[in-house]
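Report on the structure given below.
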Amino acid sequence: MKRIFMTDKLLSLATMLAAVFSLAVFSACSEEEEAPYIKSGDAGTTITAEGSGWAGWSTVIQSNIDQRSIQTTSSASWCTARLMTSGENTYQLQVSAEDNPTLSNRQAIITVKAVEAQAVVTFTVTQQAGTPYVSFKDGGGDVSIEAQAKSWERVIDSNIEFSKLTAISSDTKWCTAKLESSGNGIMLKLEAQENETIEERKATITVKASTGSVNTSFVVTQQSAAPTISFVDGGEDQTITPDGKNWTWDLSTNLKKDDLAASSTAEWCTVELTGSDSKGISLSVKVAKNESINNRQTVVTVKSTKYDVSLTFRVEQQAAAPAITFSATQGTDQSITAPAKVLTWTMQSNIPYSDLKVASNESWCTVKLTDSNEAKDVKSYPLTVTIAENPTDKQRQAVVTITSEKYNVTKSFMVTQAAATFTLSKSSLGFDRDGGNRTLTITSNASWTAECSADWIELEQNGNYLTVRVKATTVDRTATITFKDKSSTTIAVNQTKYKVGETYSEGGVTGTVAYIGDDKRFIYKNTGKTEPYQQFYLATGTTGTYNMDDGEVNMQFIKRQSGWSGNFLAAVAADDLNTGGVTGWYLPAINELSNMKSFVTGTVWSSTANNNGSFAAYCLSYGTVYSNEDRQTKHGVYAIRKF
């Protein structure tokens with residue numbers, strides 16, 4: 001039994017030695033196997049804005065991983081990378097980049113990693129910003145166009161933002177240029193008016209950036225027009241009554257007045273060229289009265305003394321016949337304003353008074369013809385047209401007719417009367433506890449009256465002015481003044497029980513009354529804090545806090561910005577007063593600060609930012625407004641609240 005026991009012991013010992021030997025062999029083998037790795041001595045590079053091929057940038061990577069088990073990726077589409085075998089456990093990483101068309105630096109992260117192992121290395125490729133440029137996609141070049149009007153466009157090729165480009169024409173009288181942004185890019189819209197002159201003309205079109213010297217330009221040459229003479233309206237042959245006629249036709253011509261001449265073949269018809277080259281040329285024709293019973297004719301000619309171009313028309317005047325006429329511009333259509341008006345005209349006629357009738361088709365327009373008792377073939381009859389005031393907000397028309405049934409003669413004209421209008425110089429009135437006087441200016445072309453039922457308001461009308469007198473009060477109150485005009489206009493009168501400088505205490509809100517105006521009133525508090533107004537630029541094109549009159553509008557914009565409480569510190573200082581159920585406190589706009597400058601000491605911020613693209617805002621410093629204060633500067637903060 002003892003020998004067997006010793007044998008068992010030996011067997012156990014042998015087993016243990018074998019296990020130790022196997023563990024030693026396994027450990028030795030494990031130390032010989034190297035872990036997978038990817039290494040590089042580079043962290044990245046900076047390349048120029050110009051694109052490059054695979055030779056743009058490369059670096060050496062050390063790895064014991066088969067290339068097929070390595071993945072190469074780029075975080076940006078403009079930058080691509082590939083891995084090339086360079087030697088044993090050595091690869092070359094090659095990077096290719098497109099041109100940078102933008103005006104900002106950009107980055108791409110190149111990642112080289114093992115597909116199944118934990119080995120990875122990254123590189124940062126920074127590409128410099130592109131150079132600003134502006135050109136045309138069609139290559140640009142000067143343009144020659146015909147004399148006719150023309151509209152066309154050119155496509156802009158630029159890496160500058162649309163809002164920072166401007167199109168300028170050196171002669172906007174006939175050639176205009178403007179930029180428009182569309183789905184097809186930036187378009188230069190060009191429009192040339194017809195060249196009616198006999199001289200060629202040129203305009204230089206320039207597209208440039210708002211800053212810097214980047215620009216491109218080209219010349220538009222418009223050909224001259226052929227010499228022409230025509231009438232704008234008229235020019236046709238005329239058959240007129242024996243009483244004669246004076247009229248003027250405007251000429252359409254590209255010739256100068258000194259190069260034109262007008263003539264008539266008869267003395268009873270005289271012609272004259274009037275006007276000027278700058279204001280326009282007209283032909284004035286005067287036909288004397290024909291007292292004979294024979295028709296007569298003349299030919300009127302307008303021609304150039306330099307060029308072979310002319311026009312003619314024939315004037316035929318009838319023999320004397322019954323007629324009704326007016327001198328000068330009388331007897332023509334009339335446009336008058338809303339107030340009542342009396343027109344006194346003189347009518348000439350060879351028809352006896354007893355055979356004449358006058359009438360109006362509207363009761364508000366009455367007419368009267370008076371016998372002249374003249375011993376003449378052609379008598380002068382006074383004609384009175386009486387127009388009543390137009391009390392409505394609608395235009396109205398009446399037709400006045402003078403007729404002779406016996407001689408089958410009719411003369412008529414239209415009277416157009418404008419609608420009544422009414423406007424006030426203010427939309428509301430505001431008074432403090434002591435009341436006082438305020439004068440409103442009324443602009444109206446009709447009569448009006450004003451009334452107010454409140455016993456604490458007195459009204460006094462003097463022409464187009466209304467004086468409003470308000471008595472003192474111990475309570476807040478409001479009344480309405482109603483104007484009896486075409487539309488019953490009203491204006492509110494608001495009176496507070498407070499005066500500027502007094503302490504306001506209502507509903508848990510306290511402060512000092514700083515301003516009582518017609519459109520608003522507010523109290524203020526000095527927050528006791530000194531903070532910067534704003535610490536970062538707003539995005540291009542953002543409306544921003546540019547309101548000059550109402551800081552509440554600016555505060556609403558500020559609170560819509562992400563992270564506003566960490567950036568608009570002056571606004572936060574004012575908004576901190578809105579606690580415990582109290583609301584309405586805000587950082588005042590610059591004009592609101594100016595309204596209360598007698599209460600402001602030192603330099604304090606407004607909520608109005610400078611809208612000139614600079615990193616600046618408005619502040620009030622010892623009563624003076626400054627518009628270009630660095631927004632990161634710390635100044636005092638006053639808060640206001642409307643009441």
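The values are calculated or read from the model by the stated rules, or taken from the named source; none is laboratory data. Just so you know, these numbers come straight off a predicted model, no measurement behind them. With ideal geometry, Cβ positions are generated from the backbone for all residues, glycine too; neighbour counts draw on all protein chains shown. Quick note on the areas: whole protein, heavy atoms, side chains included, nothing else; ligands and nucleic acids left out. Shrake-Rupley method; radii C 1.70, N 1.55, O 1.52, S 1.80 Å.
Give me the Kirkwood hydrodynamic radius of the stretch 223-286, using the inverse of the mean 1/r over all pairs of distinct Cα atoms, in Å to one decimal.
13.0
Report, in whole Å, the centroid distance computed from the Cα atoms of the stretch 323-349 and the stretch 417-454.
If we compute the Cα centre of each part, the gap is 36 Å.
Among 616-623, 210-217, how do they line up by average Cβ neighbours within 10 Å per residue, starting with the highest?
In decreasing order of mean packing, 616-623, 210-217 become 616-623, 210-217.
Among the lysines, select those whose C-alpha is under 19 Å from the C-alpha of K39, and discard any that sit fewer than 8 residues away in the same chain.
Cα-Cα hits under 19 Å: K113.
Could you check how much of the accessible area of the stretch 47-159 is carbon and sulfur, as a whole percent, using a 1.4 Å probe?
Carbon and sulfur atoms account for 44 percent of the accessible area of the stretch 47-159.
Keeping all protein chains in place, calculate the accessible area per residue for the chain (probe 1.4 angstrom), answer in Å².
Roughly 55 Å² per residue, with all protein chains present.
Can you run phi through the Karplus equation (6.51, -1.76, 1.60; θ = phi - 60°) for the stretch 464-474 and list ³J(HN,Hα) in whole Hz, with x for Gly and Pro?
9, 10, 10, 8, 10, 10, 10, 7, 5, 9, 10
Angle, helix 2-32 long axis vs. longest principal axis of the chain, Cα atoms, 0 to 90°, nearest 10?
40
So which lysines pass the test for K150, namely a Cα distance under 17 Å, with those fewer than 8 places away in the same chain ruled out?
Partners within reach: K173, K178, K189, K202.
Quick one: which residues, 5 or more positions from I240 or on another chain, have an amide H under 5 Å from its amide H? H modelled 1.01 Å from N in the peptide plane, none for Pro or chain starts.
When sequence neighbours closer than 5 places are left aside, the close amide H contacts are E316, Q317, Q318.
Under a point spin-label approximation (7 Å from Cα along Cα-to-Cβ), what is the S210-A418 distance to one decimal in nm?
3.9
Could you go through the stretch 545-555 in sequence order and give the Karplus-derived ³J(HN,Hα) for each residue, using 6.51 cos²θ - 1.76 cosθ + 1.60 with θ = phi - 60°, rounded to whole Hz, and x for Gly and Pro?
8, 9, 5, 8, 10, 9, x, 4, 5, 5, 5
Among 606-615, 250-259, 86-95, what's the highest-first ranking by average C-beta atoms within 10 angstrom per residue?
Sorting 606-615, 250-259, 86-95 by mean packing, highest first, produces 606-615, 250-259, 86-95.
Using a 1.4 Å probe and ignoring any ligands, DNA or RNA, find the accessible area of D630 and quote it in Å² to the nearest 10.
Looks like 70 Å² after rounding.
Skipping prolines and chain starts, which residues have an amide H placed within reach, meaning under 5 Å, of the one on T265, given they are 5 or more residues away or on another chain?
Amide H to amide H, under 5 Å and 5 or more residues apart or across chains, T265 pairs with V299.
Just the accessible area for T410, please: 1.4 Å probe, Å², rounded to the nearest 10?
T410 exposes around 100 Å² with every protein chain in place.
³J(HN,Hα) across the stretch 444-450 via Karplus (A = 6.51, B = -1.76, C = 1.60, θ = phi - 60°), whole Hz, x for Gly/Pro?
Karplus-based 3J(HN,Hα) across the stretch 444-450 equals 8, 9, 9, 6, 7, 9, 10 Hz.
Return the subset of K499/K634; K394/K484; K256/K306; K426/K484; K289/K379 for which the Cα-Cα distance in this structure is over 22 Å, preserving the input order.
Flagged as over cut-off: K499/K634.
Kindly give the semi-axes, whole Å and largest first, of the ellipsoid equivalent to the chain, taking each as the square root of 5 times a Cα gyration tensor eigenvalue.
Calculated on Cα positions only, the semi-axes equal 87, 49, 21 Å.
For the stretch 112-213, just list the percent of Cα-Cα distances falling in each 5 Å bin from zero outward, please.
2, 10, 18, 17, 13, 9, 6, 5, 4, 4, 4, 3, 2, 2, 1, 0, 0
Rounded to the nearest 500, what is the chain's calculated 222 nm mean residue ellipticity when only DSSP H runs of at least 4 contribute -39500 (n - 2.57) each, over all residues?
It comes out at -2500 deg cm²/dmol, rounded to the nearest 500.
Could you order the peptides 499-505, 185-191 from most to least packed, using the average number of other C-beta atoms within 10 Å per residue?
In descending order of packing, they fall as 185-191, 499-505.
Taking 8 Å as the Cα distance limit and 6 or more residues as the minimum spacing, I'd like the relative contact order of the stretch 366-457 as a percentage.
This gives 21 percent for the stretch 366-457.
Take the Cβ-Cβ distance between D519 and S562 as r, set R0 to 41 Å, and report the resulting FRET efficiency rounded to the nearest 0.05.
0.80
Would you work out which of Y515, V625, I205 lies farthest towards the positive end of the dipole of the chain? Charges go on Cβ: Lys and Arg +1, Asp and Glu -1.
So the residue furthest toward the plus end is Y515.
Can you give the accessible area of W249, probe radius 1.4 Å, in Å² rounded to 10?
30
So for the chain, taking the charge dipole from beta-carbon charges (+1 Lys/Arg, -1 Asp/Glu), which of M347, L459, Y546 sits furthest toward the positive end?
The Cα lying farthest towards the positive end belongs to L459.
Would you work out the relative contact order for the stretch 55-103, in percent, from Cα pairs under 8 angstrom that are 6 or more residues apart?
Over the stretch 55-103, the number comes to 45 percent.
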